[in-house]
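Contents: one structure, followed by commentary.
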Amino acid sequence: MHLDLMDAKAPVVEEIRAAKEVAWENPGVCPFDEIKGKLPLAASDIADAEARLARFAPFIAKKFPETAPLHGIIESPLTDIRRMKDFLNESCGADITGRLLLKQDSHLAVSGSVKARGGIYEVLKHTEDLALAGGLLGEDYTVFDSEESRAFFGKYAIHVGSTGNLGLSIGIMGAALGYRTTVHMSADAKAWKKKLLRERGVTVVEYDSDYSLAVQEGRKLAAGDPFSYFVDDENSAALFLGYAVAARRLTKQLAEKNVVVDAAHPLIVYLPCGVGGAPGGVTFGLKHEFGDHVYCFFVEPTQAPCMLLGMATGLHNEICVQDVGLTGRTEADGLAVGRPSKFVGKTVEKLVSGVFTVSDEKLYVYLRGLWNREGIFIEPSACAAFQGAVKLREMSRLFPKDGETEERLRSACHIVWATGGSMVPKEEREALDVKA
Ligand SMILES: *Cc1c(COP(=O)(O)O)cnc(C)c1O
């Protein structure tokens, strides 16, 4: 690795190496109209994914009764958090003047994290492909909730490498459809996630190593078996599109809340980032909805800022956080990824406005603040997003300190994307000092 060359190219690498909290403005960001035709996926791909999820909705509603109120569409609330805004302004040094909303993917049905979007979508897409090829499928998708269907999918295996939440989503949906499902878990994965999966009949293989190796092993095992399918978190267009659908639904939720998005009313979105699929897919979707009026910022742990490192150096998956002396270890298990997705990095490198990093201690400040002020629990990984709302003004090229910018920010809507938490067991929450 040519570290001196990288240093010259990206001064932020020194700060990353020192594990400082940074606010990096992406110099490569482009007007959306200029680049949307050059991206590997298009608006029609997002529409296709949305339609597929709608086809499966009757099955989901039947198999997972908690989704019945939304007729089998797995979607989360968008919630005003005024008291949290006060907390951030009073106690965390923030200067948030516009509206602050929480996108509660922490409370998504079935698997309680943002992975219920991409992960479940990919399993459903694979299922539809197999069912069509096997002549199993007519108009009625509730056939997937039958013994005959489960016996059919029992011939097939699904493998996935995960730090936890992707494994939960793939495992729960895979097992519900009858697949033989194996989740390859990295060392960071929490014990309760492994236990829950085993209870659902999922095979959990544990690794001492980090996420990238767990993925590698899963990929290898699946490759040796023609009846096996590997959900490739590092390279999957299907996962990415499953996440992107969120943006189409968010547009409707914003309209219901009378939130206007235009040049004078920017939408500013903060997304916790691991390997990049979830924040990347959501960003891709949001850019198609709102173009240059939406600003998407990723947030990563100071010890695992893989996407920042990949984008700032232009090396993407050819560099990992260990190459600059970081551990890759963090309490934010969902973000404990050392090497970013090249597919995602290349797709969104001109769409993402910037990246923040956050230290582990801050995650708990945000976690307890949200609990104490709003009575909402989200997991540490998800709390990373608050760092963006707190440190936005450090993005001084995008938001300079002048009257016009102040006016725009007063009219802005900020969305903190809460990516997980509702399935965290009570004992785990209490250990974090959040008691009912
Ligand atoms: C997976 C995950 C993320 C990040 O998603 P990536 O696709 O890995 O970037 C963020 N928060 C939580 C809680 C997650 O589980």
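In this structure, is G291 touching a Phe, Trp or Tyr at 6+ places or on another chain (Cβ under 8 Å) and crowded, with 20+ Cβ neighbours inside 10 Å? If you could, list the steps in order and put the result at the bottom.
Details: touching a Phe, Trp or Tyr at 6+ places or on another chain (Cβ under 8 Å): yes; crowded, with 20+ Cβ neighbours inside 10 Å: no.
No.
Go over the candidates A116, A131 one by one and state the one that is within 16 Å of the ligand (Cβ to nearest atom) and at pLDDT 95 or above. Steps first, please.
Details: A131 fails: within 16 Å of the ligand (Cβ to nearest atom).
Answer to the selection: A116.
Identify, please: which residue in the stretch 135-168 is among the hydroxyl-bearing types (S, T, Y) and either under 21 Å from A57 (Cβ atoms) or modelled with pLDDT of 95 or more (or both) and is, among those, nearest to the ligand (Cβ to nearest atom)? Explain how you work it out, then say what you get.
Step one: filter the stretch 135-168 for residues among the hydroxyl-bearing types (S, T, Y), giving 141-142, 146, 149, 156, 162-163.
Now drop any that are not either under 21 Å from A57 (Cβ atoms) or modelled with pLDDT of 95 or more (or both), which leaves 141-142, 146, 149, 156.
Values: Y141: 27, T142: 29, S146: 31, S149: 29, Y156: 24 Å.
By that ranking, first place goes to Y156.
Restricting to strands (runs of 3 or more DSSP E) lying wholly in the stretch 148-252: which have 3 or more residues that are in contact (Cβ under 8 Å) with a residue 24 or more places away in the chain and under 18 Å from T127 (Cα atoms)? I'd like the intermediate steps shown before the answer.
On the way: elements: 157-162, 180-185, 203-206, 228-231.
Because the criterion is at least 3 residues that are in contact (Cβ under 8 Å) with a residue 24 or more places away in the chain and under 18 Å from T127 (Cα atoms), the strands (runs of 3 or more DSSP E) in the stretch 148-252 that meet it are 157-162, 180-185, 228-231.
Please find, among V365, V355, V348, V337, the residue that is β-branched (V, I, T), away from the ligand (no atom under 16 Å from the Cβ) and in contact (Cβ under 8 Å) with a residue 60 or more places away in the chain. So that I can check it myself, show each step before the final result.
Working: V355 fails: away from the ligand (no atom under 16 Å from the Cβ); V348 fails: away from the ligand (no atom under 16 Å from the Cβ); V337 fails: away from the ligand (no atom under 16 Å from the Cβ).
None of the other options fit; the residue is V365.
Quick one: would you say G421 is of a type outside the set (A, V, I, L, M, F, W, C) and either within 19 Å of the chain's Cα centre (by Cα) or not assigned by TED's automatic domain parsing to the domain that holds L326 (or both)?
Details: of a type outside the set (A, V, I, L, M, F, W, C): yes; either within 19 Å of the chain's Cα centre (by Cα) or not assigned by TED's automatic domain parsing to the domain that holds L326 (or both): yes.
Against the criterion (of a type outside the set (A, V, I, L, M, F, W, C) and either within 19 Å of the chain's Cα centre (by Cα) or not assigned by TED's automatic domain parsing to the domain that holds L326 (or both)), G421 qualifies.
Give the stretch 89-107 a look and list any residue that's surrounded by fewer than 17 Cβ atoms within 10 Å (Cβ to Cβ) and either within 16 Å of the ligand (Cβ to nearest atom) or farther than 19 Å from F377 by Cβ (or both), or say none. Step through it out loud before you land on a result.
Pass one, the stretch 89-107, residues surrounded by fewer than 17 Cβ atoms within 10 Å (Cβ to Cβ): 89-91, 93, 95, 97.
Across the stretch 89-107, the qualifying residues are N89, E90, G93, D95, T97.
Based on what the data block shows, is V259 of a type in the set (A, V, I, L, M, F, W, C), in contact (Cβ under 8 Å) with a residue 24 or more places away in the chain and buried (at least 22 other Cβ atoms within 10 Å of the Cβ)? Step through it out loud before you land on a result.
Details: of a type in the set (A, V, I, L, M, F, W, C): yes; in contact (Cβ under 8 Å) with a residue 24 or more places away in the chain: yes; buried (at least 22 other Cβ atoms within 10 Å of the Cβ): no.
No; evaluated as a whole, the condition is false for this residue.
From the list S396, S422, S381, S411, which residue is among the small types (G, A, S), closer than 21 Å to V269 by Cβ, out of contact with any Leu (no Cβ under 7 Å at 6 or more places or on another chain) and within 14 Å of the ligand (Cβ to nearest atom)? Give the derivation first.
On the way: S396 fails: within 14 Å of the ligand (Cβ to nearest atom); S381 fails: out of contact with any Leu (no Cβ under 7 Å at 6 or more places or on another chain); S411 fails: within 14 Å of the ligand (Cβ to nearest atom).
Answer to the check: S422.
Please tell me if G138 is farther than 18 Å from G201 by Cα and in the same structural domain as L213 (by TED's automatic domain parsing). Full working, then the answer.
Values: farther than 18 Å from G201 by Cα: yes; in the same structural domain as L213 (by TED's automatic domain parsing): yes.
Answer is yes for this residue.
The values are calculated or read from the model by the stated rules, or taken from the named source; none is laboratory data. Note that this is a predicted model, so its numbers are computed, not measured. Don't worry about glycine lacking a Cβ; one is built from the backbone with ideal geometry, like all the others, and counts go over all protein chains shown.
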